[in-house]
Every structure is written in structure tokens, then in C-alpha cells.
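J.: Below: one structure in C-alpha cells.
The values are calculated or read from the model by the stated rules, or taken from the named source; none is laboratory data. On a predicted model such as this, the values are computed, not experimentally measured, just so you know. For neighbour counting, all protein chains shown are included, and Cβ atoms are generated from backbone atoms with ideal geometry for every residue, glycine included. We work out accessible area using only protein heavy atoms, side chains counted, and drop any ligands, DNA or RNA first. Shrake-Rupley method; radii C 1.70, N 1.55, O 1.52, S 1.80 Å.
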Amino acid sequence: MITFESVSKTYDTGSSPALEDVSFSAEAGEFVFLVGPSGSGKSTVIRLVLREEVPTRGRIRVAGRSIVRMSSWKVPYLRRNIGTVFQDFRLLPNKTVFENVAFALQVIGKSRAAISTLVPDVLGTVGLEGKEKRYPHELSGGEQQRVAIARAVVNKPGILLADEPTGNLDPATSTDIMDVLVDINRAGTTVLMATHDGDIVNRLNKRVIRLDSGRIVSDIEHGTYEVKA
Ligand code: ADP
Ligand code: ADP
């Protein structure tokens, strides 16, 4: 679903490479944690998958397509197959829960009829039934992140990218949010999640790719957050 082959990235303004010779492959339906210190390159991996950045060297395939030299007009179609969730939720403050999720479908031209069934369905999946008319500021952080997840997956993307999705949440709320992400993964979506949350990584027992200074230092099928001695 996501393949990096010998990918290096040096930002125009950067002196040292943000990523160096990174290769990995995440199959359809996998759940993969990306861990490593701040500045190790986790967000750069996510931005490359979204084609918000292009690599300096190497090849990247996403959902069967080579994306490095993809024409810019095709990028929105690539992104339709990728949901994104961030630490800071990024909801539209002047839209309700329903409208925040519906908006993601309106911009890709879904009909009103489709929207009126898809939005309540996905709000049920993330545990927000009854909150349709609330505004983001009326919700807890955990509820706001549920809205963001609903918006990310309402179009049933093959891939969900999550960059520190529990970074602003307390441990109990983080656990609830991870339950939602695991459910979405079980339903078939490939999940790539960058995180500093060691408790979550250790509990879920998923694949762990560790970056350090832009290089993959380990890639373990059932990994832990700490480097094992
Ligand atoms: P992480 O997500 O693991 O904290 P990043 O991918 O954000 O790591 O950063 C990797 C390296 O690339 C760091 O040295 C960072 O300073 C640098 N970097 C990230 N984004 C940019 C940018 N837009 N321009 C220049 N350098 C950047
Ligand atoms: P428009 O601005 O084109 O009227 P809206 O964003 O207001 O579109 O609404 C899109 C669809 O979602 C409409 O069918 C609307 O009735 C429905 N809708 C909007 N908000 C809610 C809500 N809180 N609960 C249920 N349905 C809603």
C-alpha cells in the first residue's frame, strides 16, 4: 500500500538530510507505528506519502501508483485515498460536527443523499452519535479528535496517516482514541501512525519502524517503544 525505496529528502533550507536511504513497505491492512526522537524524520515520511513534499532521491509508491513524478493535477485523486489525523485536530471552528465531516464529502462532489447516510454512519463508528449539532469548542479534546477521525475516514480511504494523534490527550482518552483507530484498521484501512506515546506502542504490539537522524534503525513486527538492549 505504501512503499519507500531508498528515499532521501533534504529540504531546500536544510543542511543535513531529513531522511536518508529510507526503505520500507506497508501492506494493505497493516498497522505501523513510526517512532523516533523529535527531528528524526517521522513527519517528513508522512508529508512524502501525501506528496506535500517530493523526495530528493528514491521511489515512493502509494496505493499502486508511483507518486514522485505524479502530475500535480493527479495529486488530489491520490489524497482521496488517504485520510489524515493530526495532534491539533484541525477542525473548522464555525462548522458543526456534522458539517465538518460533510464538508470532506462536499469538496469531492458527493451528493446530498450520499452525505446524509455516510456522515451519520461514520459518526456512529467513532462514537459520536447525538453530537451532530455541536461545535468543536463545545467538545472535549477526545471528542474533537473523534470528529477529525470521522472526517478522515468518511470517504473510506485505503490509508490513514496519523501524526501524533494522541499528543494533546490524557492517557485514558488516548486509549479510547486508539480503540477507534484499531477498529478502523481491523475494517481494512492501512494505518501509519507517528507517535511519542510509549505506553500505546507497548500495549498494542504492532509493527514499529524506528527512525533516528533520518535513517531507519529498526523495523520490528511486534515492536516496543523503547530500544531493546
Ligand atoms: P519528526 O517528525 O520526527 O520530528 P521531521 O520530519 O519534522 O521529524 O524533521 C526531520 C528533519 O527535517 C529535522 O531536522 C527538521 O528540522 C527538518 N525539517 C522538517 N521540516 C522542514 C522544512 N519544512 N524545512 C526545513 N527543514 C525541515
Ligand atoms: P448547504 O450549505 O449546501 O445547505 P449544509 O452543509 O448546510 O449544506 O448541509 C449539508 C447536508 O447536511 C444537508 O442535507 C443538511 O440538511 C445536512 N445537515 C447539516 N447539518 C446537519 C446536522 N447537524 N444534523 C443533520 N443533518 C445536517
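J.: Could you tell me whether the stretch 58-71 includes any residue that is under 30 Å from Thr3 (Cα atoms), of a type in the set (S, T, N, Q) and within 16 Å of ligand 1 (Cβ to nearest atom)? First the steps, then the outcome.
T.: The initial filter retains those residues of the stretch 58-71 that are under 30 Å from Thr3 (Cα atoms), namely 58-71.
Next, only the ones that are of a type in the set (S, T, N, Q) stay: 66, 71.
Now restrict to residues that are within 16 Å of ligand 1 (Cβ to nearest atom): none.
No, that holds for no residue.
J.: Could you check, for the stretch 44-59, whether at least one of its residues is under 21 Å from Val180 (Cα atoms) and of a type in the set (D, E, K, R)? Break it down into steps so the answer makes sense when it comes.
T.: The initial filter retains those residues of the stretch 44-59 that are under 21 Å from Val180 (Cα atoms), namely 46.
Next, from what is left, pick out any that are of a type in the set (D, E, K, R): none.
No, the stretch 44-59 contains no residue that is under 21 Å from Val180 (Cα atoms) and of a type in the set (D, E, K, R).
J.: If we scan the stretch 123-139, do we find a residue that is farther than 18 Å from Leu34 by Cα and touching a residue at least 60 places away in the same chain (Cβ under 8 Å)?
T.: no
J.: Quick check: anything in the stretch 208-223 part of a helix (DSSP H, G or I), at pLDDT 95 or above and at negative phi?
T.: Step one: filter the stretch 208-223 for residues part of a helix (DSSP H, G or I), giving none.
Scanning the stretch 208-223 turns up no residue that is part of a helix (DSSP H, G or I), at pLDDT 95 or above and at negative phi.
J.: Tell me, which residue of the stretch 93-143 that is aliphatic (A, V, I, L, M) and open to solvent by 60 Å² or more (accessible area, probe 1.4 Å) is farthest from ligand 2 (Cβ to nearest atom)? Quick ask: steps written out before the conclusion?
T.: As a first pass, look at the stretch 93-143 and keep what is aliphatic (A, V, I, L, M): 97, 101-102, 104-105, 107-108, 113-115, 118-119, 122-123, 126, 128, 139.
Subset that is open to solvent by 60 Å² or more (accessible area, probe 1.4 Å): 107, 113.
On the way: Val107: 11, Ala113: 9 Å.
My answer is Val107.
J.: Could you go through the stretch 167-176 and let me know if any residue there is surrounded by 22 or more Cβ atoms within 10 Å (Cβ to Cβ) and among the β-branched types (Val, Ile, Thr).
T.: No: the stretch 167-176 contains no residue that is surrounded by 22 or more Cβ atoms within 10 Å (Cβ to Cβ) and among the β-branched types (Val, Ile, Thr).
J.: Kindly check whether there is at least one residue in the stretch 151-163 that is assigned to a loop (DSSP other than H, G, I, E, B), open to solvent by 30 Å² or more (accessible area, probe 1.4 Å) and small (Gly, Ala, Ser).
T.: Looking for residues that are assigned to a loop (DSSP other than H, G, I, E, B), open to solvent by 30 Å² or more (accessible area, probe 1.4 Å) and small (Gly, Ala, Ser), one finds none in the stretch 151-163, hence no.
J.: Can you go through Thr84, Thr96 and tell me which one is within 16 Å of ligand 1 (Cβ to nearest atom) and closer than 26 Å to Ser140 by Cα? Break it down stepwise before answering.
T.: Values: Thr96 fails: within 16 Å of ligand 1 (Cβ to nearest atom).
On inspection, the qualifying residue turns out to be Thr84.
J.: How many of the residues making up the stretch 125-148 are over 15 Å from Ala102 (Cβ atoms) and of a type in the set (A, V, I, L, M)?
T.: Going through the stretch 125-148 one residue at a time, the tally reaches 1.
J.: Next up: Quick check: anything in the stretch 214-226 within 22 Å of Glu5 (Cα to Cα) and basic (Lys, Arg)?
T.: yes
J.: Then there's this: Residue check: is Phe86 under 14 Å from the mean Cα position of the chain (by Cα), more than 16 Å from ligand 2 (Cβ to nearest atom) and open to solvent by 30 Å² or more (accessible area, probe 1.4 Å)?
T.: Considered against the rule, which asks whether it is under 14 Å from the mean Cα position of the chain (by Cα), more than 16 Å from ligand 2 (Cβ to nearest atom) and open to solvent by 30 Å² or more (accessible area, probe 1.4 Å), Phe86 comes out as yes.
J.: Let me ask another. Out of Leu92, Leu123, Leu78, report the one residue that is more than 16 Å from Ile149 (Cα to Cα) and under 19 Å from the mean Cα position of the chain (by Cα). Working first, answer last.
T.: Details: Leu92 fails: more than 16 Å from Ile149 (Cα to Cα); Leu123 fails: more than 16 Å from Ile149 (Cα to Cα).
Only one candidate qualifies: Leu78.
J.: Follow-up question, since we're still on this one. When the residues of the stretch 1-48 are narrowed to those that are aliphatic (A, V, I, L, M) and within 12 Å of ligand 1 (Cβ to nearest atom), which ends up nearest to Arg207 (Cα to Cα)? It would help to see each step written out before you state the result.
T.: Taking the stretch 1-48 as the starting set, the residues that turn out to be aliphatic (A, V, I, L, M) are 1-2, 7, 18-19, 22, 26, 28, 32, 34-35, 45-46, 48.
Narrowing the set further to residues that are within 12 Å of ligand 1 (Cβ to nearest atom) leaves 18-19, 22, 34-35, 45-46, 48.
On the way: Ala18: 22, Leu19: 20, Val22: 16, Leu34: 9, Val35: 11, Val45: 16, Ile46: 17, Leu48: 20 Å.
In this case the residue turns out to be Leu34.
J.: So, one more: Give the residue that is farthest from Asn81 (Cα to Cα), with candidates limited to residues of the stretch 49-65 that are surrounded by 15 or more Cβ atoms within 10 Å (Cβ to Cβ) and in contact with a helix residue (DSSP H, G or I) (Cβ under 7 Å, 6 or more places away or on another chain).
T.: Only one residue tops the list, namely Pro55.
J.: For Ile108, state whether it is closer than 22 Å to Asp21 by Cβ and aliphatic (A, V, I, L, M).
T.: In short, no.
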